[in-house]
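Since the structure comes first, as structure tokens, the remarks are kept for the end.
Derivation of every value follows stated rules applied to the coordinates shown; laboratory data play no part. Computed from a prediction, not measured in an experiment: that's the story for all the values here. Backbone-built Cβ (ideal geometry, glycine too); neighbour counts: all protein chains shown.
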Amino acid sequence: MRVGFGCDHSGVDLKNKLIEHLKNKGYDCVDYGTYAPDVPVDYPIKGEEVAQALLKGDVEKAVLICGTGIGISLAANKVPGIRAAVCSEPYSAKMSVEHNDANIIAMGARVVGDELAKTIVDAFFDAEYQGKENERHRRRVGLITEIERKHSR
Ligand code: RB5
């Protein structure tokens, strides 16, 4: 699977560690930066960039990191078709895929440690969306898409 990575300055170190972790597991990792922890980059820029890459089909899923995971996920979620879930533990990461068909996992580099972050991405990438077999999950994710359409210009 091809996975996109994006972060602001606060997430550079964790992003690099997660890229190494997922590369070792055989994932094809695409790094959209940012690359320098000492040069501030506003998180919405990276959230949008990676979200657009995913929608274009350049990557199938993505990992976004900022200080809390909140800002960068809020930005990504403004792009129609993106379902970015901020997670600080593996259970939510698994459920975000199984029930919500999340296509991006977001984390806070100032919230989770490196080893916990690895268990979170593993739970996210090992999970499968259950909406193919389960009508209620399909319906609920469909309702999210309807809200998106209703409020799009
Ligand atoms: C940057 O200092 C910080 O505000 C940002 O990384 C993030 O936590 C925002 O949600």
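Worth pointing out:
- Of the residues making up region 38-70, those that are surrounded by 21 or more Cβ atoms within 10 Å (Cβ to Cβ) and touching a residue at least 40 places away in the same chain (Cβ under 8 Å) are LYS46, GLY47, VAL50, ALA51, LEU54, VAL59, ALA62, VAL63, LEU64, ILE65, CYS66, GLY69.
- As a summary of the residue check, LYS132 satisfies the conditions (1) among the charged types (D, E, K, R); (2) surrounded by fewer than 17 Cβ atoms within 10 Å (Cβ to Cβ); (3) part of a helix (DSSP H, G or I) except for the one numbered (3).
- Of all residues in region 21-42, those satisfying the criterion of being in contact with a helix residue (DSSP H, G or I) (Cβ under 9 Å, 6 or more places away or on another chain) and either of a type in the set (S, T, N, Q) or more than 23 Å from PHE125 (Cα to Cα) (or both) are THR34, TYR35, ALA36, PRO37, ASP38, VAL39, PRO40, VAL41, ASP42.
- Of the numbered criteria (1) over 26 Å from ARG149 (Cα atoms); (2) surrounded by fewer than 16 Cβ atoms within 10 Å (Cβ to Cβ), the one ARG138 fails is (1).
- Residue within region 54-68 that is farther than 19 Å from ASP31 by Cα and not hydrophobic (A, V, I, L, M, F, W, C) present: yes
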